[in-house]
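The values are calculated or read from the model by the stated rules, or taken from the named source; none is laboratory data. The shown structure was predicted, so the numbers you read here are calculated from the model rather than taken from an experiment. Positions of Cβ are generated from backbone atoms using ideal geometry, with glycine treated the same way; all protein chains shown enter the neighbour counts.
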């Protein structure tokens, strides 16, 4: 199999209120064509949707203050504010069930049950240490309706589109996609994280002729 050509596209600093569909169209219109793939970082989609909060603006309750003690220290729910936003996203009972089953899973040597129960929107929360400047002081939630966003970009550009959460460990989560996307192929093509995770400011990756 040949190596796909990947172009990490640098953009201006995207901020709340911008139309991500228009932004992607503008930055890809001279280089993207049918048969290519547009991959957009999920955190940037969320930022343009205004789904970011300063921790000091979150009124964390007793449940959040208690539960935030238990996630792994490198996670995004280790602060009362982060955990409260997770509760706000999916409700306290789902978080409690996830926490209970997660604890049992740890005893049994099975990881990931908390996020399996709590859901993708909780897993996509980025706490203050996980976001690029100048948003490193914010908690960024997962994007709203990412499948709708991906479809809107595809309808505007005619190019297959995915919204993805990718890290430098080779983990690729497709959180939204236009119709007909081959998930396993896309994950394999993006596992080297061509956009980076910090201050590269390249939230759009274009993969040329990706199906061949």
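Residues that are part of a helix (DSSP H, G or I) and touching a strand residue (DSSP E or B) at 6+ places or on another chain (Cβ under 9 Å) within the stretch 35-59 comprise 42, 43, 44, 45, 46, 47, 55, listed in sequence order.
Residues in the stretch 173-204 that are crowded, with 20+ Cβ neighbours inside 10 Å and within 14 Å of the chain's Cα centre (by Cα) were compared, and the one that is modelled with the lowest pLDDT is 195.
Would it be correct to say that residue 186 is closer than 23 Å to residue 12 by Cβ and not assigned by TED's automatic domain parsing to the domain that holds residue 127? Taking the combined requirement at face value, the residue does not satisfy it. What about residue 77, is it surrounded by 22 or more Cβ atoms within 10 Å (Cβ to Cβ) and in a loop (DSSP other than H, G, I, E, B)? The answer is yes for residue 77. Given 102, 142, 98, 82, which one is in a helix (DSSP H, G or I), at negative phi, surrounded by 17 or more Cβ atoms within 10 Å (Cβ to Cβ) and within 16 Å of the chain's Cα centre (by Cα)? Residue meeting the stated conditions: 82.
Checking each residue in the stretch 21-66 for being crowded, with 18+ Cβ neighbours inside 10 Å and under 27 Å from residue 212 (Cβ atoms) picks out 21, 24, 27, 28, 32, 36, 37, 38, 39, 40, 41, 42. Once the stretch 15-34 is narrowed to residues that are in a loop (DSSP other than H, G, I, E, B) and out of contact with any strand residue (DSSP E or B) (no Cβ under 8 Å at 6 or more places or on another chain), the residue that is farthest from residue 136 (Cα to Cα) is 34.
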